[in-house]
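Encoded as structure tokens, the structure appears first; notes follow it.
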Ligand SMILES: [Zn+2]
């Protein structure tokens, strides 16, 4: 039985989620927030430090981005939520007056603690070999520190919350459901996330269940801590790779929250898709569904196909800064190469083609691969900016195509075109 605090009822009035079309399980919907509308399915670029690295809000609007995500952990440590609040809240602070989302900090403190178990650097996926670029939303500075041998003190989890040490200066901090929500209320995003405990992908059933129960308790405490009535809170499901736990978690989160998200750990992409399939039947069809921290091209198709609405990931921007750029199937993009070419490779020196021929973005309509290859070789700032612009445009356009395809009833044909591109 649902125990929905009265705040939640009032919050729901400020938001509206409307399903407009359905193509098998894929759905085309619209989420109205106090700062505007998000058409779904959609991709939410990550602006860890309240900036999508190298892009201005004007760029983002020009690209067609509708919502961005900022990280609570990072903004709490620097500049601190009081500073953001004093400067008018996150929307004003970052000059982004569209829909905004913050996470809870739960995943970052996982990265600082549990993920460091046994000297392993774990991500959401236990078998990920591209851990660094693939998943985490922690910044690159943090990874460099870790790769030097991890002089960081590990975070500790107890029933109250997580005690962790800043990756910037080593100072001790404590996150509880209440502090996470308090910080997120000061930051002032439209969509916020309950504070959760993140399981390790290598834990057994018993360990995973204990963590899930803690997560559930913290989720309810997060709701009880909520005071603002203009922020919609996502509940987060956990349960690792275990079907019974995943189902239990999906039911409980759906019972309490007006917006649902899938989080936690997976051993592989196949298990991730399986987890979505286990969870979806337990979600009310009238709530937005966010897949946390996952948005590879193939994940977008497989997630939408299963009924997910929103996706975020640092991969598009992080890759761009390393010269990895997205290309469409007609230019050689396949599942196998992750729809990516490395523009810094020697073979693109002097290449006259744009990054992705046919792409209508500012980068592709004005610059050649050869020029961008040169910018990276010369360590020029503009290189990263142009590749970031293209990658975000690429994913944003893909999501628009996906929305149109669902409306027209041919999402599966669109997916076929992209999936079949694999030799
Ligand atoms: Zn482009």
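FYI, it's all coordinate maths here, none of it is from the lab. Nothing here was measured: the structure is a model prediction, and the numbers come from that model. All Cβ positions, even for glycine, are placed from backbone atoms using ideal geometry, and neighbour counts span all protein chains on display.
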> Residue separation times 0.36 nm, minus the C-alpha to C-alpha distance between residue 346 and residue 12: what's the value?
Replying inline: 114.9 nm
> What's the center-to-center distance, using Cα atoms, between the range 384-423 and the range 174-235 in Å?
Replying inline: 32
> Taking a quarter of the surface of the Cα convex hull of the range 244-339, what do you get in nm²?
Replying inline: 6.9
>> Once each part is reduced to its C-alpha centroid, what is the distance from the range 299-372 to the range 52-79 in angstrom?
In response: 20
>> Eigenvalues of the Cα gyration tensor times 5, then square-rooted: what semi-axes does that give for the range 269-315, in whole angstrom, largest first?
In response: 17, 12, 8
> Which whole-percent values make up P(r) of the chain when all C-alpha to C-alpha distances are grouped in 10 Å steps starting at zero?
Replying inline: 5, 23, 34, 27, 10, 1, 0
>> Give me Rg/Rg_expected for the range 315-375, where Rg uses Cα atoms only and Rg_expected = 2.2 N^0.38 Å with N residues.
In response: 1.02
>> Please arrange 154, 415 by how many other C-beta atoms lie within 10 Å of their C-beta, fewest to most.
In response: 154, 415
> With r defined as the distance between the Cβ atoms of residue 228 and residue 168 and R0 fixed at 25 Å, what FRET efficiency is calculated, to the nearest 0.05?
Replying inline: 0.35
> By how many nm would the segment from residue 22 to residue 268 lengthen if fully extended, with 0.36 nm per residue of separation less the alpha-carbon distance?
Replying inline: 85.8 nm
> Using only the Cα atoms of the range 226-269, what do you get for the radius of gyration and for Dmax, in Å?
Replying inline: 12.2, 38
>> Under 10 Å, Cα contacts only: if you run a Gaussian network model on the chain, which one of 234, 266, 412 comes out with the highest mean-square fluctuation?
In response: 412
>> Springs between alpha-carbon pairs under 10 angstrom, Gaussian network model over the chain: which of 262, 335, 297 fluctuates most?
In response: 335
>> I need the Debye-formula profile for the range 34-75: one equal scatterer per C-alpha, no solvent, reported as log10 I(q)/I(0) at q = 0.28, 0.33 1/Å, two decimals.
In response: -1.07, -1.20
